[in-house]
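Written out below as structure tokens is the structure these notes cover.
Since every read-out is calculated from the coordinates, none of them should be taken as a lab result. Note that the coordinates shown come from a computational prediction; the quantities given were computed from them, not determined experimentally. Neighbour counts are summed over all protein chains in view; Cβ atoms, including those assigned to glycine, are modelled from backbone coordinates with ideal geometry.
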Amino acid sequence: MTTKRGLITDSFKVVKKARRSAKTEKRRTPSPPPTEAHQEVREEDLQKLRQFDLDWRFGPCTGISRLQRWERAQLHGLSPPEEIRYLLLQTHTDPEYSRSLWSDYPL
């Protein structure tokens, strides 16, 4: 004797979710454009980091982040600038700050 099995929808009521209209969707508010002063400070910071990348006293910078390079130089007693470390720790989420000048080029 075989019993006929029904679908799960036979036992439970089907409830469809209402679609959200375009008007009710949450939209991200655009962040305000950076001010000129902020842009100048950013360019100065990035210029300091580029100079750090070009300074071979602290070892090669390909294949590692700027912070890793700074820590390696500190470990080997090469006295890298504290200002660079502070800058990297403040902006660690921005890839433009953390990646070295040569990171776009393949090894």
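Applying a threshold of 7 Å to beta carbon distances and a minimum spacing of six or more residues, or different chains, the list of pairs starting in region 33-47 at a residue that is within 19 Å of residue 100 (Cα to Cα) and ending at one that is assigned to a helix (DSSP H, G or I) reads 45/87; 46/96.
Residue by residue, here is whether (1) within 20 Å of the chain's Cα centre (by Cα); (2) surrounded by 16 or more Cβ atoms within 10 Å (Cβ to Cβ); (3) not in a helix (DSSP H, G or I) holds:
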residue	(1), (2), (3)
53	yes, yes, no
57	no, no, no
60	no, no, yes
63	yes, no, yes
68	yes, no, no
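Taken over region 74-107, the residue count meeting the criterion of being outside any loop (DSSP other than H, G, I, E, B), surrounded by fewer than 13 Cβ atoms within 10 Å (Cβ to Cβ) and either of a type outside the set (A, V, I, L, M, F, W, C) or touching a residue at least 24 places away in the same chain (Cβ under 8 Å) (or both) is 6.
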